[in-house]
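Undergrad: Quick one: the structure is below, and I'll ask about it shortly.
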């Protein structure tokens with residue numbers, strides 16, 4: 001500040017006039033700073049409110065996806081009858097076996113699957129059945145704990161065989177061996 005005053009004196013400007021200008025500039029800067037702080041606080045409050053809304057919507061989505069998964073996973077009369085007929089005829093049902101394996105695994109989360117791929121609801125297919133028939137082929141993950149594409153990269157034999165990667169993983173198949181095709 002002392003250096004600035006010296007420059008003012010050297011310029012032969014009236015000191016009082018220059019000090020008034022500086023005081024006005026300082027007042028303007030303070031007002032701008034106060035405005036910026038208020039805007040920052042408002043933005044922080046809006047961000048916090050937005051985060052609360054995002055969490056609530058995420059929770060609603062999870063509840064809806066879980067309810068949809070429960071509805072879509074419920075066996076229909078037709079599927080129960082078809083399963084009984086196949087069993088009575090002594091015919092194996094590999095898709096049913098795989099479906100039971102996937103449904104019973106912690107690596108398949110129907111709520112997650114529906115939340116990530118809401119279009120599955122429009123198919124009216126059980127989420128696990130959709131994953132078996134279509135999702136794995138599309139590279140979709142059955143849960144946050146299983147990366148379909150990574151598994152296929154690490155086990156190219158499974159990809160070449162056309163086996164469902166989650167089923168192969170659950171059965172301990174790496175693709176090096178080929179399962180018997182019944």
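The values are calculated or read from the model by the stated rules, or taken from the named source; none is laboratory data. Keep in mind the model is a prediction, meaning the values are calculated, not measured. Don't worry about glycine lacking a Cβ; one is built from the backbone with ideal geometry, like all the others, and counts go over all protein chains shown.
Undergrad: Any residue in region 38-54 that is modelled with pLDDT of 75 or more, touching a helix residue (DSSP H, G or I) at 6+ places or on another chain (Cβ under 9 Å), assigned to a helix (DSSP H, G or I) and surrounded by 10 or more Cβ atoms within 10 Å (Cβ to Cβ)?
TA: Checked region 38-54: no residue is modelled with pLDDT of 75 or more, touching a helix residue (DSSP H, G or I) at 6+ places or on another chain (Cβ under 9 Å), assigned to a helix (DSSP H, G or I) and surrounded by 10 or more Cβ atoms within 10 Å (Cβ to Cβ).
Undergrad: Taking residue 124, is it on the phi > 0 side of the Ramachandran plot and either at pLDDT 80 or above or under 29 Å from the mean Cα position of the chain (by Cα) (or both)?
TA: Considered against the rule, which asks whether it is on the phi > 0 side of the Ramachandran plot and either at pLDDT 80 or above or under 29 Å from the mean Cα position of the chain (by Cα) (or both), residue 124 comes out as yes.
Undergrad: Applying the selection to region 136-162, what residues are over 27 Å from residue 65 (Cα atoms) and either in contact (Cβ under 8 Å) with a residue 40 or more places away in the chain or part of a loop (DSSP other than H, G, I, E, B) (or both)?
TA: Across region 136-162, the qualifying residues are 155, 162.
Undergrad: Hey, any hits in region 158-179 for a residue that's surrounded by 14 or more Cβ atoms within 10 Å (Cβ to Cβ), within 18 Å of residue 62 (Cβ to Cβ) and modelled with pLDDT under 90?
TA: No, because not a single residue in region 158-179 is surrounded by 14 or more Cβ atoms within 10 Å (Cβ to Cβ), within 18 Å of residue 62 (Cβ to Cβ) and modelled with pLDDT under 90.
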